[in-house]
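Taken together, the values in this text are just the output of simple stated rules run on the coordinates, not laboratory data. What you are looking at is a predicted structure, and each value in this text was computed from that prediction instead of being measured. Heads up, the Cβs are rebuilt from the backbone with ideal geometry, glycines too, and the neighbour counts pull from every protein chain shown.
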Amino acid sequence: MEDMDLMTVASPEGEDQVAPVPVSGGEPASPQEERGVAPPEKGTVYFAVLWVQGTLTWRWFRPPPRPGKGGNASPQGEHGKKGDRLERRYQVTASGHRLSLLRPAPRKRFVRELNKRMAKAGSGELLALIWPRTGKSGTLAWDRSIVYRAYLLKEGEEAKPGFQARGRLLEVNRDDGYLLLEIRPNPQGILKRPFTLTVFASLALMDGLPPVGSGVYLEGDVRLATGRLVARKVEPAKLWDDGA
């Protein structure tokens with residue numbers, strides 16, 4: 001994996017603070033640190049993240065005019081007629097699904113490197129880190145999941161999809177083989193409302209779960225064919241609001 005990321009997490013204490021891949025250079029200071037507000041104890045925040053291999057693509061679009069603002073004229077050619085103000089709209093495609101980006105455009109250095117890669121190999125593969133959501137069927141809701149960081153992969157390198165999550169256990173359904181995990185907002189984080197993830201697990205794994213209402217840490221696989229999160233490791237976890 002190359003030391004070049006697509007974007008920076010908007011807030012390290014937002015929806016998640018855990019990066020499953022090494023990040024060189026360290027994280028930027030969190031908003032709490034900048035304001036002198038103590039963040040939750042390390043290892044007690046709610047988070048959910050999955051990672052999957054994908055590609056970055058873009059298309060040109062004409063944004064609506066801004067009142068009182070002059071547009072940036074683009075040169076005549078493939079980008080449009082001379083005088084048009086066009087912008088690139090980026091998206092990540094993973095497992096056949098188009099995913100939204102947390103920020104509207106990646107860093108220019110990343111795009112330059114990606115363009116060189118695509119000119120040489122015809123594709124630009126990346127590892128996308130995603131804030132996941134699951135739907136009523138219990139499978140991934142790709143249209144509501146957001147890419148918050150991505151890394152270029154080395155040529156020929158492949159990334160196995162996976163996930164990590166820490167939250168509060170809401171339900172254990174042994175008959176259908178799944179559990180519900182609640183992810184709540186963290187202090188000063190960007191998540192505004194709690195949400196629930198459906199995670200599938202074996203009966204043997206369920207036998208090791210703490211009681212419903214407890215904090216739990218999960219990690220496992222992302223089954224791209226079915227859209228399921230499948231746990232392969234569970235363990236009790238402390239959460240910053242235990243006992244509240």
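Points worth noting:
- Centre separation in Å (Cα based) which lies between segment 178-232 and segment 125-149: 14
- Additional length obtainable on full extension of the chain from residue 193 to residue 60, 0.36 nm per residue less Cα span: 44.5 nm
- Packing-based order for 145-151, 134-140, using average beta carbon neighbours within 10 Å, highest first: 145-151, 134-140
- Residues whose amide H falls under 5 Å from that of residue 237, counting only those 5 or more places apart or on a different chain, are 215, 216, 217, with hydrogens built in the peptide plane.
- For segment 133-244, the spread of Cα positions along each principal axis, largest first, Å: 48, 37, 25
- Remark: for residue pairs 192/238; 42/154; 42/233; 42/192; 108/192; 42/136, the C-alpha separation exceeds 26 Å in 42/154; 108/192; 42/136.
- Added length on full extension, which subtracts the Cα-Cα distance from 0.36 nm per residue, residue 155 to residue 221: 21.4 nm
- The residues packed around residue 43, meaning those with a beta-carbon under 10 Å from its beta-carbon, carry a net charge of +2 if Lys and Arg are +1 and Asp and Glu are -1.
- Taking other residues whose beta carbon is less than 15 angstrom from the beta carbon of residue 97, and scoring Lys, Arg as +1 and Asp, Glu as -1, yields +4.
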